[in-house]
2 protein chains.
Amino acid sequence: MQSSCSHFSSDPRPIGVFDSGIGGLTVLRSLMAAMPGERFIYLGDTARVPYGTKSAETVCAYSLGLAQVLRQYDVKMIVIACNTASVHAAEAIADFIAPVPVISMVPPAAAAAIKATKNKHILVMGTQSTIRSGSYARAIDALDPSVKVTGIATQLLVALAEEGWIDGPIARAAVERYIGPVFENADKPDTIILGCTHFPLLRDVIVDVAGQDVTLIDCGEAAQKLINGRTKGQPDIRFLVTDSVERFTPLVERFLGISATNIPAEHIDLTAILNTDLKRAS
Amino acid sequence: MQSSCSHFSSDPRPIGVFDSGIGGLTVLRSLMAAMPGERFIYLGDTARVPYGTKSAETVCAYSLGLAQVLRQYDVKMIVIACNTASVHAAEAIADFIAPVPVISMVPPAAAAAIKATKNKHILVMGTQSTIRSGSYARAIDALDPSVKVTGIATQLLVALAEEGWIDGPIARAAVERYIGPVFENADKPDTIILGCTHFPLLRDVIVDVAGQDVTLIDCGEAAQKLINGRTKGQPDIRFLVTDSVERFTPLVERFLGISATNIPAEHIDLTAILNTDLKRAS
């Protein structure tokens with residue numbers, strides 16, 4: 001599923017990046033920073049966001065639908081820029097879209113965390129669905145069974161990031177309530193996987209609670225290192241969303257870290273696209 | 001759209017109640033308390049929740065789909081137990097399901113608030129989508145143009161209610177941040193419409209910030225007064241959800257206020273049901 005792509009940079013087709021909504025823009029941000037010369041299509045399922053509170057079956061079905069849409073845009077690779085979708089749908093998507101390579105969030109972040117930890121204790125922060133799946137614990141255990149993994153579902157941080165309350169006393173109190181107790185122990189983690197693409201926005205508050213000596217693993221940055229794309233050129237991005245574009249555009253800047261008002265998002269009718277695809281297939 | 005139903009109690013068919021997810025259980029709670037002898041079918045669109053951050057078009061399309069499902073269960077009435085759906089889809093559903101009566105959240109809550117306010121200043125708390133629509137302001141203005149309406153989108157309270165953080169310092173700080181400034185003015189509201197079905201869970205914190213002399217309007221209670229149903233008998237409830245039942249059942253008690261572990265929720269495949277219905281219609 002995780003492929004190295006040595007001849008990848010000569011392929012002019014776009015890289016497809018999908019997420020349940022807007023959080024994946026933090027991943028796109030890492031990809032764009034490392035490979036500005038690539039073309040990107042970002043697909044956000046804003047009509048059905050969030051995935052993190054939904055069941056594995058539903059998340060897998062939704063994610064496969066998004067992969068199906070991206071296939072229609074002739075992408076050369078799919079990056080699943082959503083931890084919950086990575087956990088529940090990466091294998092199904094890899095099967096579906098083969099031989100197009102699929103990069104999911106979990107394996108690169110798990111590997112980066114193992115590389116970073118010195119005391120062999122990693123904290124995974126994620127959505128309810130990601131933590132409940134145990135996927136990070138399994139991925140880390142497969143690479144190094146001596147590493148202890150603590151998982152904490154920090155669901156409210158998603159809403160805080162979307163509301164823009166990413167610093168100040170409320171964000172601090174929420175992070176403290178979730179992860180504070182773990183850092184009061186002598187056996188506290190020295191590495192945190194930000195296992196949801198919203199959480200890099202709360203990086204400062206998380207460091208404030210966990211301590212300056214903790215290493216934070218950003219999934220987008222970890223995944224980006226697997227891809228050898230064009231490192232020079234002009235950014236070329238296209239935004240597709242399943243809900244109306246009006247709600248998407250104001251949030252782009254906060255999550256992407258750059259203004260994107262000159263790139264209009266496009267609404268796509270998911271049902272119509274998937275039905276057309278089914279008809280073609282039959 | 002708002003019908004009084006004088007011969008309603010002799011009709012043995014169920015009352016259909018739908019919501020974007022679980023918040024509407026607070027409305028079902030009011031309905032059951034007043035009319036325990038009625039049969040209820042509660043349909044929660046847990047696979048696509050929340051509606052409050054989505055566009056009017058998407059909310060309307062989703063809500064019409066739910067009304068279509070309830071029609072298949074031969075309901076004698078539909079209660080739209082979701083403010084966002086009420087705002088964007090009540091008229092479309094009333095047209096679609098006629099002559100079956102439809103009760104939405106906005107008109108009864110607006111009327112109850114006007115009846116309650118003495119200083120003619122009402123605060124509406126709701127989702128982004130509900131507040132942005134201006135529906136409450138219009139409904140109040142149509143009944144009494146002399147009433148001042150302040151609307152505040154208090155989106156994070158939805159996530160707080162779902163996380164179960166309904167009291168304590170974080171809930172207090174969030175409510176304070178949203179509505180505190182309004183209650184520092186001399187011209188402060190004396191009545192608050194809890195314009196999202198999640199908000200009754202945060203009633204104590206809201207009173208704590210707004211003051212004991214403020215009247216809170218619970219939409220479920222206001223809507224329930226429009227319906228003349230069977231006031232004696234045994235409760236008969238059926239829960240249908242579009243996501244997996246495992247995620248729904250643990251939240252029922254918090255929102256419904258009674259244990260419902262003996263009432264198993266049923267998963268319904270929305271796509272399959274709607275497609276079957278379309279085939280029948282064609």
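The values are calculated or read from the model by the stated rules, or taken from the named source; none is laboratory data. What you see is a predicted model; the values in this text were computed from it and never measured. We place every Cβ from the backbone using ideal geometry, glycine too, and count neighbours over all the protein chains shown.
Just one of the numbered conditions (1) touching a strand residue (DSSP E or B) at 6+ places or on another chain (Cβ under 8 Å); (2) buried (at least 20 other Cβ atoms within 10 Å of the Cβ); (3) not basic (Lys, Arg) is not true of residue B:266: (2).
Does the range A:76-104 hold any residues that are part of a strand (DSSP E or B) and surrounded by fewer than 24 Cβ atoms within 10 Å (Cβ to Cβ), and which are they? A:77 - this is the single residue of the range A:76-104 that is part of a strand (DSSP E or B) and surrounded by fewer than 24 Cβ atoms within 10 Å (Cβ to Cβ).
Of all residues in the range A:162-188, those being within 12 Å of chain B (Cβ to nearest Cβ) and either in contact with a Ser or Thr (Cβ under 7 Å, 6 or more places away or on another chain) or more than 19 Å from residue B:174 (Cβ to Cβ) (or both) number 1. Among the residues making up the range B:209-258, those that are of a type in the set (Lys, Arg) and either at pLDDT 90 or above or touching a Cys at 6+ places or on another chain (Cβ under 9 Å) (or both) are B:225, B:230, B:232, B:238. Considering only residues in the range B:228-262 that are of a type in the set (A, V, I, L, M) and part of a loop (DSSP other than H, G, I, E, B), the one that is nearest to the other protein chains (Cβ to nearest Cβ) turns out to be B:260. Tell me, yes or no, whether the range A:33-55 has at least one residue that is assigned to a helix (DSSP H, G or I) and either under 30 Å from residue B:21 (Cα atoms) or touching a strand residue (DSSP E or B) at 6+ places or on another chain (Cβ under 7 Å) (or both). Looking for residues that are assigned to a helix (DSSP H, G or I) and either under 30 Å from residue B:21 (Cα atoms) or touching a strand residue (DSSP E or B) at 6+ places or on another chain (Cβ under 7 Å) (or both), one finds none in the range A:33-55, hence no.
Looking at the structure I just gave you, is residue B:100 free of Cβ contacts under 8 Å to residues at least 40 places away in the same chain and assigned by TED's automatic domain parsing to the domain that holds residue B:240? Against the criterion (free of Cβ contacts under 8 Å to residues at least 40 places away in the same chain and assigned by TED's automatic domain parsing to the domain that holds residue B:240), residue B:100 qualifies.
Contact map, the range A:134-153: first residue under 15 Å from residue A:189 (Cβ atoms), second residue among the charged types (D, E, K, R), Cβ cut-off under 6 Å, separation 6 or more or different chains; pairs are A:146/A:120; A:147/A:120. I want to confirm something. Restricting to the range A:111-170 and keeping residues that are closer than 23 Å to residue A:256 by Cα and among the acidic types (Asp, Glu), which single residue is surrounded by the most Cβ atoms within 10 Å (Cβ to Cβ)? Among those that are closer than 23 Å to residue A:256 by Cα and among the acidic types (Asp, Glu), it is A:162. In the range A:175-188, the residues that are closer than 17 Å to residue B:164 by Cβ reach residues that are among the hydroxyl-bearing types (Ser, Thr, Tyr) with C-beta atoms within less than 6 angstrom, at least six apart or across chains, in these pairs: A:178/A:154.
Checking each residue in the range A:16-55 for being away from chain B (no Cβ under 14 Å), touching a helix residue (DSSP H, G or I) at 6+ places or on another chain (Cβ under 7 Å) and aliphatic (A, V, I, L, M) picks out A:17, A:25, A:27, A:28, A:31, A:34, A:41, A:43. Of the listed requirements (1) over 21 Å from residue B:210 (Cβ atoms); (2) assigned to a helix (DSSP H, G or I), residue B:145 misses just one: (2).
Quick check on the range A:56-75. Is at least one of its residues in a loop (DSSP other than H, G, I, E, B), at positive phi and more than 14 Å from every other protein chain (Cβ to nearest Cβ)? Yes, because at least one residue in the range A:56-75 is in a loop (DSSP other than H, G, I, E, B), at positive phi and more than 14 Å from every other protein chain (Cβ to nearest Cβ). When the criteria are applied in full, residue B:191 fails the requirement of being among the polar types (S, T, N, Q), within 17 Å of the chain's Cα centre (by Cα) and either away from chain A (no Cβ under 14 Å) or closer than 25 Å to residue B:257 by Cα (or both). Filtering the range A:151-161 for residues that are more than 19 Å from residue A:29 (Cβ to Cβ), away from chain B (no Cβ under 14 Å) and in contact with a helix residue (DSSP H, G or I) (Cβ under 7 Å, 6 or more places away or on another chain) leaves a non-empty set. In the set B:84, B:46, only one residue is in contact (Cβ under 8 Å) with a residue 24 or more places away in the chain, closer than 30 Å to residue B:146 by Cβ and touching a Phe, Trp or Tyr at 6+ places or on another chain (Cβ under 9 Å); that residue is B:84.
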